[in-house]
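Chemist: Below is a structure I'd like to ask you about.
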Amino acid sequence: MKAADVVFAGGPVHTVDAARTRATAVAVRGERIVAVGHDEVRDLVGPDTEVVDLAGRLLVPGFQDAHVHPVGGGLELGRCDLSGAVTLEEYRRRIRAYADAHPDLPWITGGGWSLETFPGGTPTRTELDALVPDRPVHLANRDHHGAWVNTRALELAGITAATPDPVDGRIEREAGGGPSGMLQEGAMRLVGDLVPAPTAEEELEALLRAQALLHSYGITAWQDAIVGANPVTADGAPAYLAAVRDGSLTARVVGALWWDRARGAEQIPELVERRERLTGGRLRATSVKIMQDGIAENHTAAMLGPYLTACGHASDNAGISFVDPEALRAYVTALDATGFQVHFHALGDRAVREALDAVEAARRANGWTDTRPHLAHLQVVHPDDVPRFRALGAAANLQPLWAVHEPQMDELTIPFLGAERAARQYPFGDLLRAGATLVAGSDWPVSSPDPIQGMHVAVNRRLPGAAAPAFLPGQRLDLGTALAAYTAGGAYANHLDDTGTIAPGMLADLVVLDRDPFAGPPEEIAATRVLRTYVGGERVYAADDV
């Protein structure tokens with residue numbers, strides 16, 4: 001038999017097949033795996049074969065992020081990056097330093113700040129005015145469902161006490177009715193539409209910056225959760241097309257085209273045209289992203305019952321369904337008929353139900369097709385809807401890092417949901433027991449793109465090193481299930497059926513870890529590091545100490 005190009009040997013191989021079998025050697029020829037086994041695989045070692053000694057370290061399939069925003073994340077890394085900090089003092093330092101370092105920029109943009117830093121999760125314009133009084137400032141929060149702006153930005157947008165709230169958002173107000181400097185959801189566009197768009201060169205640079213970071217975390221494929229003009233992040237399409245043309249796109253990417261909720265079914269032919277135009281090389285724009293609601297912290301996640309007030313009484317607000325539920329059923333049915341996968345943002349229990357109702361309508365109208373719809377976030381799911389994921393073939397797209405006790409959860413969410421709804425959050429275990437297909441994503445730059453950190457939280461339901469108790473520990477996953485969600489599950493969601501497991505004939509998208517996390521206690525999963533990442537047999541990342 002012809003010799004292999006690369007042979008991995010000398011350590012455990014977690015294949016992620018249905019039986020969770022293990023091997024000790026893998027051979028790769030060209031882009032694909034040609035043998036998986038034990039000592040017999042070494043017969044494929046020839047004079048030109050690269051032999052990678054695993055030295056007892058674990059080989060796994062490449063990780064796939066089923067919900068991520070690489071271009072937006074890459075742009076933020078190059079702008080005023082507030083991520084990773086939680087104090088106003090640190091935000092002030094970074095904003096002032098960035099403004100001083102870029103005196104010629106007409107706008108100060110960036111983001112990543114945490115809601116927990118500010119009373120009620122709402123910072124004010126006066127804090128920014130003291131730092132940057134003469135230029136407009138627009139800083140998205142960590143969740144990218146709100147923006148912190150200064151007075152100059154509000155003036156340029158013409159936002160005053162007389163400006164009404166948009167139907168899909170809210171302008172936070174001062175006592176006299178004037179804008180306070182915090183814009184929620186659709187209100188972000190009132191200023192965001194004025195922010196200069198990144199150039200094509202800046203977007204490409206951001207994409208490649210993000211790709212390098214994601215490869216360093218073992219990510220070989222992803223679904224970009226928003227591609228196209230939108231109020232949340234960069235367009236992304238020009239950057240992907242440029243990377244396909246010049247060969248710099250080394251990851252496998254599915255683009256989820258943005259559904260403009262201000263429009264209706266008339267945009268579907270445009271989406272079909274964009275699917276054709278944005279499919280080539282390792283890029284396929286075969287999904288459509290519909291954002292059905294907001295987030296729980298600002299009370300825009302769509303709930304079946306009203307949020308509570310700070311006094312614990314029922315309010316008059318149950319969140320926002322961004323797309324009329326009846327229209328949603330018609331749109332999803334039409335998209336499904338064209339072969340599009342639909343990728344929902346569904347965070348509240350009403351949004352989850354509306355999304356599942358839309359999938360059910362599509363199944364009834366079109367029959368059972370292989371479009372593989374998936375619902376992302378799933379913060380609150382009504383028990384009646386848990387079994388519907390399996391029944392409808394709708395995958396559950398989990399963001400495990402959010403399922404923890406932290407100030408944003410304990411101070412801004414649980415008190416306003418009430419005990420019964422709060423106990424239904426991130427029901428990973430219930431979804432698994434009900435037979436749902438689990439896939440996983442990060443929503444980076446909302447939270448870390450590191451799948452190992454996500455697996456740690458999925459298993460432990462607490463952040464690494466945190467003293468807080470486990471968050472609803474009955475919803476834990478075992479490590480094998482969590483890893484499968486980041487590998488085979490992601491491959492399923494991305495229609496990358498020749499990836500996600502280690503078997504002959506599969507693409508050689510592989511990751512070498514520095515240890516076998518199955519061999520240690522669950523509390524130490526997060527200590528695991530990625531040493532090497534391969535896409536199609538080509539090494540795209542190696543740690544400095546390898």
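The values are calculated or read from the model by the stated rules, or taken from the named source; none is laboratory data. Since the model is a prediction, treat every value here as computed from it, not as a measurement. Cβ atoms come from the backbone with ideal geometry, glycine included; neighbour counts cover every protein chain shown.
Chemist: Given the stretch 163-273, what helices (runs of 4 or more DSSP H) lie entirely inside it while holding 1 or more residues that are buried (at least 18 other Cβ atoms within 10 Å of the Cβ) and modelled with pLDDT of 95 or more? Can you show your working first?
Modeler: Working: elements: 188-192, 200-216, 237-246.
By residue number, 200-216, 237-246.
Chemist: Contact list please: Cβ distance under 6 Å, first residue in the stretch 488-511 and in contact (Cβ under 8 Å) with a residue 40 or more places away in the chain, second residue in a helix (DSSP H, G or I) and not acidic (Asp, Glu), pairs at least six apart or on different chains.
Modeler: THR499/ALA491; GLY500/ALA488; GLY500/ALA491; THR501/ALA488
Chemist: For the stretch 421-446, how many residues meet the condition of being touching a strand residue (DSSP E or B) at 6+ places or on another chain (Cβ under 7 Å), not in a helix (DSSP H, G or I) and not aromatic (Phe, Trp, Tyr)?
Modeler: Narrowing the stretch 421-446 to residues touching a strand residue (DSSP E or B) at 6+ places or on another chain (Cβ under 7 Å): 421, 424-425, 428, 431-432, 436-445.
Now restrict to residues that are not in a helix (DSSP H, G or I): 424-425, 436-445.
Those still in the list that are not aromatic (Phe, Trp, Tyr) too: 424-425, 436-443, 445.
Adding up the residues that qualify gives 11.
Chemist: Look at ALA337 and say whether it is in contact (Cβ under 8 Å) with a residue 12 or more places away in the chain, surrounded by fewer than 16 Cβ atoms within 10 Å (Cβ to Cβ) and on the phi < 0 side of the Ramachandran plot.
Modeler: Numbers: in contact (Cβ under 8 Å) with a residue 12 or more places away in the chain: yes; surrounded by fewer than 16 Cβ atoms within 10 Å (Cβ to Cβ): yes; on the phi < 0 side of the Ramachandran plot: yes.
In short, yes.
Chemist: Residues that are within 27 Å of TRP402 (Cβ to Cβ), out of contact with any Lys or Arg (no Cβ under 6 Å at 6 or more places or on another chain) and among the small types (Gly, Ala, Ser), at least 2 per element: which strands (runs of 3 or more DSSP E) completely within the stretch 78-158 meet that? Before you say what the answer is, go through the steps one by one.
Modeler: Numbers: elements: 108-113, 137-141, 146-149.
In the stretch 78-158, 146-149 are the strands (runs of 3 or more DSSP E) which contain 2 or more residues that are within 27 Å of TRP402 (Cβ to Cβ), out of contact with any Lys or Arg (no Cβ under 6 Å at 6 or more places or on another chain) and among the small types (Gly, Ala, Ser).
Chemist: Could you please let me know if ALA358 is modelled with pLDDT of 95 or more and either part of a helix (DSSP H, G or I) or of a type in the set (S, T, N, Q) (or both)? First the steps, then the outcome.
Modeler: Numbers: modelled with pLDDT of 95 or more: yes; either part of a helix (DSSP H, G or I) or of a type in the set (S, T, N, Q) (or both): yes.
Against the criterion (modelled with pLDDT of 95 or more and either part of a helix (DSSP H, G or I) or of a type in the set (S, T, N, Q) (or both)), ALA358 qualifies.
Chemist: Within the group ALA458, ALA440, ALA434, which residue is assigned by TED's automatic domain parsing to the domain that holds THR481 and closer than 13 Å to GLN64 by Cβ?
Modeler: Working: ALA458 fails: closer than 13 Å to GLN64 by Cβ; ALA434 fails: closer than 13 Å to GLN64 by Cβ.
Only one candidate passes the filter, namely ALA440.
Chemist: I want to confirm something. Restricting to the stretch 284-317 and keeping residues that are among the hydroxyl-bearing types (Ser, Thr, Tyr) and more than 30 Å from ALA239 (Cα to Cα), which single residue is surrounded by the most Cβ atoms within 10 Å (Cβ to Cβ)? Spell out how you get there, then give the answer.
Modeler: Kept after step one, since they are among the hydroxyl-bearing types (Ser, Thr, Tyr), are these residues of the stretch 284-317: 286-287, 300, 307, 309, 315.
Applying the additional criterion that residues be more than 30 Å from ALA239 (Cα to Cα) yields 300, 307, 309, 315.
Details: THR300: 26, TYR307: 22, THR309: 13, SER315: 13.
Filtering the stretch 284-317 for residues that are among the hydroxyl-bearing types (Ser, Thr, Tyr) and more than 30 Å from ALA239 (Cα to Cα), the one surrounded by the most Cβ atoms within 10 Å (Cβ to Cβ) comes out as THR300.
Chemist: Could you pull out the residue among VAL342, VAL359, VAL380 that is crowded, with 24+ Cβ neighbours inside 10 Å, in the same structural domain as ARG461 (by TED's automatic domain parsing), under 14 Å from GLY393 (Cβ atoms) and in contact (Cβ under 8 Å) with a residue 40 or more places away in the chain?
Modeler: On the way: VAL359 fails: in contact (Cβ under 8 Å) with a residue 40 or more places away in the chain; VAL380 fails: under 14 Å from GLY393 (Cβ atoms).
The match here is VAL342.
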